[in-house]
1. In a Gaussian network model over the chain where Cα atoms closer than 10 Å are linked, find which of Leu232, Leu275, Leu126 has the largest mean-square fluctuation.
2. Jot down the per residue volume, in cubic angstrom and as a whole number, of the convex hull over the alpha-carbon atoms of the range 97-176.
3. With +1 assigned to the C-beta of every Lys and Arg and -1 to the C-beta of every Asp and Glu, and no other charges, what is the dipole magnitude of the range 170-303 about the Cα centre in debye, to the nearest 20?
4. With charges only on Cβ, +1 for K and R and -1 for D and E, what is the dipole size of the chain about its Cα centre, in debye, rounded to 20?
5. Taking all pairs of distinct Cα atoms, average 1/r, flip it, and tell me the Kirkwood hydrodynamic radius of the chain in Å to one decimal place.
6. Bin width 5 Å, origin at 0, all Cα-Cα pairs of the range 170-303: what percent of pairs per bin?
7. Please state the charge dipole magnitude for the range 4-166, taken about the Cα centre, from unit charges on C-beta atoms (+1 on K and R, -1 on D and E), reported in debye and rounded to the nearest 20.
8. Please determine, in degrees from 0 to 90 and to the nearest 10, the orientation of helix 246-255 with respect to the longest principal axis defined by the Cα atoms of the chain, where the helix direction is its Cα long axis.
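No lab work stands behind these numbers, since they all come straight from the coordinates. Quick caveat, the model's predicted, so the values are computed rather than measured. Positions of Cβ are generated from backbone atoms using ideal geometry, with glycine treated the same way; all protein chains shown enter the neighbour counts.
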Amino acid sequence: MQAYSLIAPAKINLYLEIIGDRPDGYHELAMVLQSVALADHITVRANGTERIQVHCNHSEVPADQTNLAYKAVALMANQFPDAFSQFGGVEVTIDKSIPVGAGLAGGSTNAAAVLVGVNLMWGLGLTQVEIQELGAKLGSDVPFCVAGGTAIATGRGEKLSPLPSLDSLHVVLAKYRSLSVSTVWAYKTYRNQFSSSYISDDAGLEERRQRVHSGAIVGAIAQHDGGAIGKLLHNDLEKVVLPEYPKVTQLRETLQLFNSLGVMMSGSGPTVFALAESQAQAEAISSQLRAALPDPDLEIWATKLIANGIQLAH
Ligand code: C5P
C-alpha cells in the first residue's frame, strides 16, 4: 500500500496590514508571509476502507471532520470521486511540532501537505497552482503553505507573489503553551474597533493592493537587508491581541531587550518572534529569554527562515 510522508513548515507574518472589508465577510489584507523550518510531519496512506481517518499525537488537535487535514481529504474525495472510489479512504497521521492556536498556520500547513500527498498518491497530476486553488477553499493561508518561502499575500491572503529568499536569516519563536488566540475573535475585535478606518471603495482597495508591491519591507527583502526588514516588521492584529493578553505584551517587551533584527507577533498570535541574522544570535536570544522569563509554560524555538513550503520527507 502506497504512503507519502511530507514535511509541513510553519509560517510567520513579517507584515500584516488590514486594509478593509470584503463582500465575502473576510478582511482584505496586505501581508508578507515567510516559511520557517519548524515543521509538522504528515503521512498520508490508503487505508483500504471508504473512510477518512486522522491521527495526531497532540491532545488538542481534533481527529474528526473539524480537522483541516480531514477537510482536505474530503475536498479531494469530493473533487475527484473516481480516484476516491478507485483508491479508497485515506489515513492521515500528523506528528505535531508546530504549536496549536499559535498564529503559525499549523492547521493550514497540515491541510496543504494532505493536498500535495493525496495528489501524488492518487496520481492526479495537479499543478502547484491547481493545488493552491483547492487550498483556498480550505483556508486563507493554505495556498501560501503549499509553495512557502517568502511571498506577498493579498486578497484574503490567497493571492501570492513570490519574493526573493531570506533563508540565511534565523528566528526565535516564543509562545506560552497554555495560551492560544482565536483568529476569528482577533479579526472580529479588530473590525469592531477599527472598521471606521477601512478602505471601502473598490478603486482605493485596488490602489492599496498594488502599493504593497512597492512597500518599504518588500524593498528591504529585495535588497536582503535584514536590519531594515527587522525595523519594518508590522502586524495590525497586535492592536487587539496585546491589550487583551498582557503576558504576550510582556513577552514581546522582554524579547525587545535583546540584540535582534526586530520583534513582532505572528498572525493572530500569541506567538511572538525575534528575527536574527545568525544561528548564534538566535541561540543567544533564546537563552537570554529563558533566563529572563523562566516560566516552564513558555516554549521557545530557535529556527530558521526557509525558501520552501510542503516537501516530501526523505
Ligand atoms: O481563512 P481562515 O479560515 O484561515 O480564516 C480564519 C478566520 O480569520 C476567518 O473565519 C475570519 O474570521 C478571519 N479572517 C479574515 N480575513 C482574512 C483571513 C481570515 O477576517 N483575510
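1. Leu126
2. 117 Å³
3. Charge dipole of the range 170-303: 180 debye, to the nearest 20.
4. Numbers: 22 positive and 30 negative charges, 53 e Å.
With only Lys, Arg, Asp and Glu charged at Cβ, the dipole is about 260 debye.
5. Its Kirkwood hydrodynamic radius stands at 19.9 Å.
6. Percent of pairs per bin, in order: 2, 10, 17, 18, 18, 15, 11, 6, 2, 1, 0.
7. 160 debye
8. Relative to the chain, helix 246-255 is tipped by roughly 70 degrees.
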